[in-house]
Amino acid sequence: MNAVVIAVCLMLFLSFIRINVVVSLTISAVVAGIVGGLDIHQTIAAFNDGLGGGAQIALSYALLGAFAAALSHSGLTTLISHSIIKKLGKEPNSGNTQVVRWLLLITILLMAISSQNILPIHIAFIPILIPPLLHVISKLHIDRRLIACILTFGLVTTYMILPIGFGGIFLNDILLANLNTNGLNAVAEQIPKAMLLPAIGMVVGLLTAIFISYRKPREYMIEQPVISDSISTTISRKSLLVSLSAILATLIVQLQTDSMIFGALSGFIIFRFSGIIKHEVSKDLFNQGVHMMANIGFIMIAAAGFAAVVKSTGEVSTLVTSLGDIIGDNKALAALLMLIVGLLITMGIGSSFSTIPIIATIYVPLALSFGFSIAATIALVGTAAALGDAGSPASDSTLGPTAGLNADGQHDHIRDSVIPTFIHYNIPLLIFGWIAAMVL
C-alpha cells in the first residue's frame, strides 16, 4: 500500500486513541519514510529539514498568544463578556435567552469571517474572544462542538471564495499561480466562480450542524463566571485607547510587513510600554500567552516535518499515477479519486495552502487529459486542497477552536473539534466538489 495512505491513516488512528498529535505526526513521518523506501537516516534528515518550515508559523502563534493575553488583561474582552452575561440575565430560561444565543453565534461567525480579510489575524482572535465567553456558552447550554463548527466554517470557507486577505493568498497567489505554472491558462476572475459550488457544500454542513446535529442543549460544568461582581464593569478611556491602538498597530504592521510575528510583537510592545500593564505582570502575561498557543506551534512544526518526509518519498506522485489503472476512461471516478487523494494529503499535512503546490503539478495534466474544463480543473484542485483542512488534527482550523474552547478543560480536540468538523465539512465538500467537477 502507498506510504502516504499508510502514514495518514496511522496518524489519524494514533490521534483518535488520544496519543499526542505531535507524537502521532512524528511516528507517522518515520513510518512514511521507511515504507516509502527511505532508510532511517534519510527519513530523520528529511524530517529535520522540514521542521524549519513550521518554525515561522509557530513563533507567529506564540506571539499572537502573548498579544491575546495582553489584550484580555486590558479589560476589553472582560467588558464584552460581562455585557453579554448581564443581557442574559439571572435565569437561563428568561425570554431573551434565544436572542442572546443567536447573537452570540452570529457574532462568533462574523468574527471568524472577518479574521481572514477585514482584520487578517487568522486564529489569533479565538484565544482573545472565546475563553471569556465560556461561562456564557455553558450557561446557555450551547454545544461547544457547534461553536467549533462555526469557527472552522468562517476560517475555511472565507479563503475558499473571497479573494481578499488570506483568500487572496489562497486563490490568487497559490491556487491560480500553481494552476497556470502547470499549463492551465486560467484567469483570476474564474477562480471564485469555480469555487462557489464547493463553498455551498460548506454552507450545507454549517446549517446541518446548527439545525440538526448540535441544536440540542449540552450540559457543561459551570464554574464561576469569568467576570465576578467585584470586578469593574467599566474600562478606562486610557485602556480602551491603548487596546484599540494595539489592535490597529498589529493590523497595519502585519499588512505592511506581511508578517504575523512583527504584527503581534508591535501590539504587545504597545501594551507593555503604555502603562496599563505593570512591569511585574508583563512577563507572566507573555509566558501565559505563549503557553496558550505553544501546543498549536509544536503541532505545526511537526506537521511541516511530516510533509517534508512525504515529499521526499515521492509517494504522492506514485499514488496519483497509480489511479490511472483504476480509473480507465471513467471521468466521474477520476474526479472522485482525485478529491479523495487530496483529502488524504491535506489531512496529513494540515494545511490546504501547502497542499496545492504538491498536487497541482500532477492534477492539472491529469484533469486536462480527462477533458475537464478550466473551471472544473480549478474546482478539482481547489477543493482537493481544502478537503481535510477542516477535520485534520494538525490543521490550525481545528487547533484554533480547541485552543479557545478548551480553556477550562471541557473540550476534547479530536472528539469535539476534529471529528465534528470532518463530518460536517469534508463530506459535503467532497460531494459538492465532485458535482462542480462534473457540471462546470
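The values are calculated or read from the model by the stated rules, or taken from the named source; none is laboratory data. As the structure is a prediction and not an experimental result, all values here were calculated from the model. Heads up, the Cβs are rebuilt from the backbone with ideal geometry, glycines too, and the neighbour counts pull from every protein chain shown. The area values use the complete protein model at the heavy-atom level, side chains included, leaving out ligands, DNA and RNA. Shrake-Rupley method; radii C 1.70, N 1.55, O 1.52, S 1.80 Å.
Listed values, structure above:
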item: Scan of the stretch 386-396 for residues that are assigned to a helix (DSSP H, G or I) and either touching a Gly at 6+ places or on another chain (Cβ under 6 Å) or open to solvent by 10 Å² or more (accessible area, probe 1.4 Å) (or both), ordered by number; result: Asp396
item: Filter pass, Asn48 being touching a helix residue (DSSP H, G or I) at 6+ places or on another chain (Cβ under 9 Å) and within 24 Å of Gly391 (Cα to Cα); result: no
item: Scope the stretch 347-371; condition surrounded by fewer than 24 Cβ atoms within 10 Å (Cβ to Cβ) and either aromatic (Phe, Trp, Tyr) or free of Cβ contacts under 8 Å to residues at least 40 places away in the same chain (or both); matching residues; result: Phe353, Ser369, Phe370
item: Whichever residue in the stretch 155-183 is outside any helix (DSSP H, G or I) and touching a residue at least 60 places away in the same chain (Cβ under 8 Å) and, among such residues, is surrounded by the most Cβ atoms within 10 Å (Cβ to Cβ); result: Asn182
item: Residue in the stretch 147-168 that is polar (S, T, N, Q) and in contact with a strand residue (DSSP E or B) (Cβ under 8 Å, 6 or more places away or on another chain) present; result: yes
item: Any hit, the stretch 397-417, residues being open to solvent by 10 Å² or more (accessible area, probe 1.4 Å), within 16 Å of Thr346 (Cβ to Cβ), touching a residue at least 40 places away in the same chain (Cβ under 8 Å) and assigned to a helix (DSSP H, G or I); result: no
item: Test: residue in the stretch 53-65 that is within 25 Å of the chain's Cα centre (by Cα), assigned to a helix (DSSP H, G or I) and within 16 Å of Val316 (Cα to Cα); result: no
item: Where Gln56 falls short, out of the listed (1) of a type outside the set (A, V, I, L, M); (2) within 27 Å of His122 (Cβ to Cβ); (3) free of Cβ contacts under 8 Å to residues at least 60 places away in the same chain; result: (3)
item: The listed residue being modelled with pLDDT of 90 or more, part of a helix (DSSP H, G or I), over 21 Å from Ala209 (Cβ atoms) and open to solvent by 20 Å² or more (accessible area, probe 1.4 Å), out of Ala379, Ala375; result: Ala375
